[in-house]
Amino acid sequence: MAESEPWKIVVIDDEEGIRRVMRITLEDAGYTVVTAADGTSGLSLCSETSPQIVVTDIRMPDMDGIQVLESIKQRSPEIEVIVVTAFGEMDLAIRALQLDASDFITKPIDNNLLFIALDRARHRYTTQQQIKDYTRYLENGWANTTQELMETFAYQRNLIESSMDGIMGLDVEGQVVTFNRSLEQMLGYSKGEVLHTLPIYRFFPRSAAVDFKEAVASDAYGGKNRLSLYETMLVDSSGRNIPVQISATMLYEDGSDAGMVLFIRDLRELRRLEREMADQAKILHQDKMMSLGRLAASVVHEINNPLAGILNYLRLMIRILNRGPLSSDSQQKFQNYLELVESETDRCSRIISSLLTFSRKTPPSCTDRGQG
């Protein structure tokens with residue numbers, strides 16, 4: 001996009017007040033903003049206005065923010081999406097990052113954090129567009145040989161080196177010929193140790209290398225000879241496995257294989273967030289069990305009362321039966337006692353059911369619908 005062209009943002013939120021405040025705030029900062037009250041109309045706005053950035057609430061009726069994110073990435077993967085979650089919805093934030101959201105922020109929205117997220121989204125968008133243009137340049141055969149093709153990366157050194165994601169270029173033999181600063185930091189190798197020395201499969205665990213090769217050749221991850229958001233492991237210089245997400249494309253010259261370009265995203269922070277979420281769920285369950293223990297004494301008292309009543313009524317019924325055939329008056333008393341036994345038994349059942357519901361360990365749900 002041209003430097004003078006304003007950045008276009010679509011804001012999707014089912015709360016009118018939030019849409020109005022965000023529009024005023026972002027327009028004051030120089031953005032062009034349109035808003036939508038639900039996911040369906042938000043997607044329509046994206047088709048009509050072609051924004052660079054979408055800010056969407058997670059919790060919306062009918063079509064939630066995760067579904068909006070998935071639809072946008074399927075239709076226009078170049079659009080950067082920032083999701084807005086309620087405090088404590090770390091599972092939804094992690095899911096959004098897995099689906100290639102550029103960032104997430106929590107409600108109530110802090111303007112400083114919002115603009116930081118927007119700066120990151122703009123940087124990602126600009127970098128990915130430049131990389132996309134440059135990859136197209138390479139694929140169109142402007143370089144006459146594989147060596148010339150890889151040397152052309154020198155003209156885009158600043159672009160490649162400034163990328164937040166790791167970028168690795170391979171020649172036709174699978175040797176590494178481009179290895180940017182993000183990869184140096186991620187894997188612990190220097191360029192001098194890697195360039196024209198190590199093959200791509202040196203960076204994979206044995207089984208993962210075979211799986212990667214099969215994935216590139218298959219249609220399962222974005223099409224044959226392409227990969228999109230493929231998750232695997234890479235091995236750093238100290239032998240540790242690092243979880244990563246790889247997007248890659250084969251390069252061709254005159255119909256022949258000319259190498260490959262890989263874009264690698266470090267997932268360690270994402271995995272750390274997942275572990276924290278699991279630990280939080282475990283702690284919450286432990287707290288619940290402690291509360292359950294404290295509750296047990298009062299529950300025993302609650303159950304003892306109806307049980308004592310049931311026992312007394314049953315004894316009275318036995319006495320009535322022991323007197324012989326039931327008179328009409330005795331039948332009526334017997335009927336009343338049975339109804340009381342039924343009522344007190346039902347009371348006990350409800351107390352036990354409430355206790356079981358409280359103690360049952362359930363995973364956090366991502367499908368609840370509510371206001372954002």
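Filtered by the rule that a residue be on the phi > 0 side of the Ramachandran plot and assigned to a helix (DSSP H, G or I), segment 19-71 gives no residues. Scanning segment 66-92 for residues that are surrounded by 17 or more Cβ atoms within 10 Å (Cβ to Cβ), farther than 20 Å from residue 125 by Cα and touching a strand residue (DSSP E or B) at 6+ places or on another chain (Cβ under 6 Å) yields 85, 92. Scanning segment 255-272 for residues that are touching a Leu at 6+ places or on another chain (Cβ under 8 Å) and hydrophobic (A, V, I, L, M, F, W, C) yields 258, 260, 261, 262, 264, 270. On the basis of being over 23 Å from residue 100 (Cβ atoms) and in contact with a strand residue (DSSP E or B) (Cβ under 6 Å, 6 or more places away or on another chain), does residue 210 make the cut? Considered against the rule, which asks whether it is over 23 Å from residue 100 (Cβ atoms) and in contact with a strand residue (DSSP E or B) (Cβ under 6 Å, 6 or more places away or on another chain), residue 210 comes out as no.
Selection of segment 173-183 for residues being of a type outside the set (S, T, N, Q) and either touching a helix residue (DSSP H, G or I) at 6+ places or on another chain (Cβ under 7 Å) or not assigned by TED's automatic domain parsing to the domain that holds residue 249 (or both) yields 174, 176, 177, 179, 181. For segment 243-286, a residue qualifies if it is of a type in the set (Val, Ile, Thr) and touching a Pro at 6+ places or on another chain (Cβ under 8 Å), but none of them does. In segment 38-45 there is no residue that is of a type in the set (Gly, Ala, Ser) and either touching a Ser or Thr at 6+ places or on another chain (Cβ under 6 Å) or under 27 Å from residue 280 (Cβ atoms) (or both).
Checked against the criterion of being at pLDDT 90 or above and surrounded by 14 or more Cβ atoms within 10 Å (Cβ to Cβ), the candidates 159, 187 yield just one match: 187.
The values are calculated or read from the model by the stated rules, or taken from the named source; none is laboratory data. For clarity, every value in this text was computed on a predicted model and none was experimentally measured. All Cβ positions, glycine included, derive from the backbone under ideal geometry; neighbour counts span all protein chains shown.
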